[in-house]
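What follows is one structure encoded as structure tokens, with my remarks underneath.
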Amino acid sequence: MSWWRWIGLDLLSVMKDRAIALTLFGGISFYAILYPSPYLNNVPTAQALVVVDLDHSSLSRQMIRHADANPGISVKGYAGSIDDARQWLEDGRASSILVIPEDFRHKLLRGNQVTLGYGGDASYFLIYSAVVQGLTQAGLDIAHKVQLRGLLAQGTNPTKAEKSLDAIALNAVPVFNKGLGYPAYVIPGLFLLILHQTLLIGTGILGAGQWRRSGYWHQLSPLGIVLCRIGSFTLLYCVFSALYIGWCYYLYGVGLLASLGQVLLLMLPFLLATACCGVALSTLFNRRDLPTQILVLSSMPILFASGFVWPLTLIPEPLIWVSQLVPAVPGIMGMLQLNQMGADWSQVLPRWLQLWALLLLYLPLAWWGVKRRLQQLPQVNA
Amino acid sequence: MWQLLQREFQALQRDGWQLALISYVPLLGFLFLWWLFSAALPRQLPVALVDEDHSSVSRELGRYIDANSVTEPIAYTDLQAAVAAMRSGEVFAVVRLPYALQHDLLTGHKPTIDLRYNGQFLLVGKLLSSQLQLTLADGLQQLARLKLLAAGVNPAQVAVRLTPVATQNTALFNRNMNYVGFLVPPMLIALWQLVAMLCYANSLSRELREQSLADCYRLGLLRVLAAKWLFYTPLMLLHGMLLLVMMYGYLGLPIAGNLLWLLPAQLIMLLAVWLWVQAMFFVMADSARIISMCSGLFAPAFAFMGITFPTSNMPLVAQWWRALIPSSHYIETHIALVSHGQGLLTVLQQSRGYLGFLLLLLPAWYFARRYGRTLLPERQTSGVPL
């Protein structure tokens with residue numbers, strides 16, 4: 001029989017197996033919608049702020065209006081004292097506090113320094129950063145206004161006054177993910193991980209079900225089975241990858257800087273190495289419900305070890321060594337460099353070669369595992 | 001009941017994977033995730049510094065960046081090389097001190113310092129942006145101070161002229177912005193929930209694998225299920241308490257309330273997990289598919305907890321889905337207790353949110369009855385429900 005026929009048989013058994021079909025077709029299309037869904041609003045906005053205004057002056061009210069005008073903040077109410085405000089935080093009515101001290105306006109007009117107090121719930125970093133950023137902006141604005149007024153009152157030329165206030169411009173701009181949106185940050189890595197994990201689960205369940213029984217897979221040599229299975233799953237995942245990378249990336253507005261050829265070139269060893277790793281792993285399982293369990297438990301560690309959530313420079317070395325054996329880790333980093341950060345191919349080359357090296361590492365393991373399994377079969381049947 | 005518990009214990013002894021699940025697998029997971037984040041505070045993140053001015057001012061600013069513990073400046077002579085390093089992820093930000101920076105400052109022109117930070121690594125990018133801006137502002141303020149003094153401003157007045165409004169930022173409940181305190185507890189809870197789900201699902205699907213489901217009906221399904229609850233709840237609670245003690249006892253993460261009150265919260269969460277798994281089991285009745293469905297539900301638990309991205313900003317549909325996952329109810333109690341120092345009353349109040357999970361009993365009951373009829377047709381006539 002030709003290779004295509006073997007691959008066809010393999011694909012057919014994937015379709016027929018309801019558990020695998022559910023994980024692959026159901027899981028992949030479901031996760032494509034489910035995982036990004038919490039992040040669809042991109043950035044945190046309108047975080048609840050409670051104000052402790054001890055000054056009650058025109059300037060303090062202006063400060064509050066400036067804070068409320070910031071997209072990250074929404075003033076929910078006023079508390080009489082800091083203790084009251086603490087109660088707001090504990091009830092969950094607010095997640096941050098602004099304290100305007102007594103004599104805020106008075107002191108400013110007299111030329112004394114005043115201190116504004118900002119507090120944010122740092123159990124949630126994104127909320128905290130949104131609030132502090134918004135309040136800092138509002139505070140700077142007020143300070144700017146007071147300074148400008150002072151300078152103008154001294155008879156400084158308005159143009160000169162503006163200039164002397166900002167002697168230097170700091171032009172801080174985020175790159176690659178220009179809106180600092182959450183989906184564009186999470187989705188590229190996460191979707192590759194979903195492809196990786198479901199592929200491993202698919203080969204795992206299929207293998208765990210097949211090795212103990214006899215069937216078409218015993219008519220091939222061990223190496224033949226391994227190659228045939230890598231081929232069939234790579235073909236299948238070309239379709240899934242096209243859905244995720246070709247369509248979902250566009251849909252969710254992820255950065256797309258690489259050319260089609262480069263993405264295909266990177267995905268090829270990624271899918272091959274993952275499929276080969278999957279076949280090697282599948283020879284370890286006896287029960288069809290085990291692959292999903294192990295891979296579900298390993299998803300979170302792999303995601304956080306891949307280096308885009310938590311910088312690689314801060315991860316302990318031994319963990320990095322171990323994680324580099326997982327095809328998803330170089331795969332995710334390579335894709336981020338290539339497609340999201342627009343690196344040259346020469347910069348991605350080490351990851352690309354690493355993926356090929358992983359294929360070469362897992363190929364003999366898969367071959368050995370399958371061979372061992374096939375030898376066990378006569379004993380099982382006897 | 002004692003015999004049923006013994007039956008569970010014997011089944012556990014036969015199952016190597018189940019034994020691993022209740023012993024070292026969660027421990028390894030907990031330790032791996034904790035070790036991964038053990039640096040806790042980001043330090044010495046590489047930043048490309050392109051100094052095109054080579055003046056005393058630009059070198060001074062470079063030293064300020066070097067002095068910040070978060071940033072580690074790496075000197076690049078060429079902007080293109082710095083951009084390439086940024087694209088490959090070697091550095092997380094680029095600071096460009098332009099040509100004639102000092103000259104422009106001295107002659108009253110307005111030079112622009114360019115700062116580019118990597119938004120693709122959102123967490124690191126945001127941190128670097130705020131740290132670099134603070135550092136540069138601090139460095140520039142020293143220059144402005146000199147300028148003011150040179151202009152004859154009274155030294156006592158200089159600080160006020162520079163920053164009339166000072167600010168005091170307080171990171172409430174997590175004073176030093178510790179990433180272990182922020183990320184590790186919800187992560188471990190998500191992992192713990194997965195382990196609990198897998199344990200119970202395995203225990204149920206074992207009855208399918210060993211074809212002992214009919215036995216269960218004979219022994220009384222309710223009693224068998226009760227035995228499973230009694231058997232696995234303390235085991236999983238032990239793990240839950242272990243991870244709490246590890247985080248708040250051993251690692252000494254700040255906790256305002258009493259750790260003991262989290263015990264009932266964890267108990268209720270476990271019961272909700274059991275209810276889910278049980279419903280899935282009777283509806284699916286296939287070991288691989290139960291695991292697939294439950295994993296589909298519980299695997300994204302971390303994303304839906306609302307720790308990394310605030311719940312109030314999630315779309316409505318996501319909020320509904322979030323309510324289906326027990327851990328997202330638990331994490332609210334957890335934060336109320338750990339951060340806000342609430343007591344048992346809050347735990348009990350918030351546990352009302354779990355009431356909806358009782359609805360899961362309906363499909364479980366319906367399908368369990370159906371299985372009962374097919375497995376034990378002789379009972380159908382006698383009318384014994386389960």
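The values are calculated or read from the model by the stated rules, or taken from the named source; none is laboratory data. Just so we're clear, the structure is a prediction, and the values are computed from it rather than from any experiment. Positions of Cβ are backbone-derived with ideal geometry, glycine not excepted, and every protein chain shown enters the neighbour counts. When the accessible area is computed, the model is the full protein with side chains, heavy atoms only, and any ligands, DNA or RNA have been set aside. Shrake-Rupley method; radii C 1.70, N 1.55, O 1.52, S 1.80 Å.
Per-residue SASA remark: A:Phe176, around 40 Å² accessible (1.4 Å probe; ligands, DNA and RNA not included).
Can you compute the FRET efficiency between A:Thr45 and B:Arg209 using 1/(1 + (r/R0)^6), with r the Cβ-Cβ distance and R0 = 41 Å? Round to the nearest 0.05. Computed FRET efficiency for A:Thr45 and B:Arg209 comes out at 0.25. Only DSSP H runs of four or more residues enter the estimate; each adds -39500 (n - 2.57), and after division by the residues of the protein assembly as shown the mean residue ellipticity at 222 nm equals -20000 deg cm²/dmol. Rg/Rh for the protein assembly as shown stands at 1.03; both radii use Cα atoms, and Rh follows the Kirkwood definition. Along the axis of the charge dipole computed for chain A (Cβ charges of +1 for Lys and Arg, -1 for Asp and Glu, origin at the Cα centre), the listed residues A:Phe240, A:Gly255, A:Ser306 are led at the positive end by A:Phe240.
Mind ranking A:Lys145, A:Lys76 by accessible surface for me, highest first, 1.4 Å probe?
Working: A:Lys145 90, A:Lys76 115 Å².
I get A:Lys76, A:Lys145, largest accessible area first.
Considering only alpha-carbon pairs that sit under 8 angstrom and 6 or more positions apart, the relative contact order computed for the range A:212-341 is 34 percent. Mean separation of Cα pairs under 8 Å and 6 or more residues apart, divided by the residue count, gives the range A:127-252 a relative contact order of 23 percent. Under a Gaussian network description of chain B, with springs only between Cα atoms under 10 Å, the residue in B:Thr333, B:Thr170, B:Thr346 that fluctuates furthest is B:Thr170.
Considering the range B:147-191 at the alpha-carbon level, its Rg and Dmax are found to be 20.9, 63 Å.
Against the empirical 2.2 N^0.38 Å (N residues), the range A:234-338 has a Cα radius of gyration ratio of 1.17. Taking amide H as placed 1.01 Å from N in the peptide plane, B:Ile74 has its amide H under 5 Å from the amide H of B:Val47, B:Ala48, B:Leu49, each at least 5 places away in sequence or on another chain.
Computed from phi, the 3J(HN,Hα) profile of the range A:215-223 under the Karplus parametrisation 6.51, -1.76, 1.60 (θ = phi - 60°) reads x, 4, 5, 8, 8, 10, 6, x, 5 Hz, with x in place of Gly and Pro.
Taking amide hydrogens as placed 1.01 Å from N in the peptide plane, the amide H of A:Ile73 sits under 5 Å from those of A:Ala46, A:Gln47, each at least 5 positions away in sequence or on another chain. With each label modelled as a point 7 angstrom along the Cα→C-beta vector, the A:Trp247-A:Trp368 pair spans 4.1 nm.
Per the Debye formula on identical point scatterers at the alpha carbon atoms of the range B:217-325, with no solvent, log10 I(q)/I(0) at q = 0.16 Å⁻¹ is -0.97. Each Lys and Arg contributes +1 and each Asp and Glu -1, all at the Cβ; summed about the Cα centre of the range B:184-342, the dipole is approximately 140 debye. Measuring only protein heavy atoms, the 1.4 Å probe finds B:Met241 accessible over about 40 Å².
When the charge dipole of the protein assembly as shown is built from unit charges on Cβ atoms (+1 for Lys and Arg, -1 for Asp and Glu) and taken about the Cα centre, the candidate among B:Tyr64, A:Ile97, B:Met236 whose Cα reaches farthest toward its positive end is B:Met236.
Restricting attention to chain B, close to 25% of DSSP beta bridges with both partner residues there are antiparallel.
Placing +1 on the Cβ of every Lys and Arg and -1 on the Cβ of every Asp and Glu, with nothing else charged, gives the protein assembly as shown a dipole about its Cα centre of roughly 1720 debye. Between helix B:326-338 and chain B there is an angle of about 50 degrees, using the helix long axis and the longest principal axis of the Cα atoms.
Contact order, relative form, for chain A: 18 percent (alpha carbon pairs under 8 Å, 6 or more residues apart, mean separation divided by residue count). Solvent-accessible surface (1.4 Å probe) assigned to A:Leu365 amounts to roughly 80 Å². Cross-link check: pairs A:Lys76/B:Lys126; B:Lys126/B:Lys147; B:Lys110/B:Lys147; A:Lys163/B:Lys147; A:Lys145/B:Lys147 evaluated at a Cα-Cα cut-off of 24 Å; pairs beyond the cut-off: A:Lys76/B:Lys126; B:Lys126/B:Lys147. Rounded to the nearest whole Hz, the Karplus-based 3J(HN,Hα) values (6.51 cos²θ - 1.76 cosθ + 1.60, θ = phi - 60°) of the range A:151-157 follow the sequence 5, 5, 5, 7, x, 6, 4, with x at glycine and proline.
When DSSP assigns beta bridges and you keep just the ones with both residues in the protein assembly as shown, what percent turn out antiparallel, to the nearest 5?
Values: 8 of 44 bridges.
Of all bridge pairs located within the protein assembly as shown, approximately 20 percent are antiparallel.
Taking the empirical scaling 2.2 N^0.38 Å for compact globular proteins as reference, the range B:131-281 has a Cα radius of gyration ratio of 1.92. The residues packed around A:Ile294, meaning those with a beta-carbon under 14 Å from its beta-carbon, carry a net charge of +1 if Lys and Arg are +1 and Asp and Glu are -1.
Computed on protein heavy atoms with a 1.4 Å probe, the accessible areas place B:Lys126, A:Lys107 in the order A:Lys107, B:Lys126, largest first. Taking every Cα-Cα distance in chain B and sorting them into 20 Å bins from zero, the calculated P(r) comes out as 22, 39, 24, 11, 3, 0 percent. Taking label points 7 Å from Cα along the Cα-to-Cβ direction, A:Tyr216 and A:Arg149 give a separation of 8.3 nm.
On alpha carbon coordinates alone, what is the Rg over Rh value for chain A, Rh being the Kirkwood radius?
Working: Rg = 29.1 Å, Rh = 24.9 Å.
Rg divided by Rh gives 1.17.
Set against the 2.2 N^0.38 Å expectation for a compact globular protein, the range A:273-382 has a Cα radius of gyration ratio of 1.28.
P(r) for the range A:84-130, from all Cα pairs and a bin width of 5 Å, is 5, 20, 20, 18, 13, 13, 9, 2 %, short bins first.
Under a 1.4 angstrom probe, counting protein chains only, how are B:Phe37, B:Phe9 ranked by accessible area, largest first? Let's see the in-between values first.
Working: B:Phe37 0, B:Phe9 100 Å².
Order by accessible area, largest first: B:Phe9, B:Phe37.
Dipole size of the range B:40-112 about its Cα centre, with +1 on Lys/Arg Cβ and -1 on Asp/Glu Cβ: approximately 180 debye, rounded to the nearest 20. Compared with the dominant principal axis of the Cα atoms in chain B, helix B:56-67 is inclined by about 20°.
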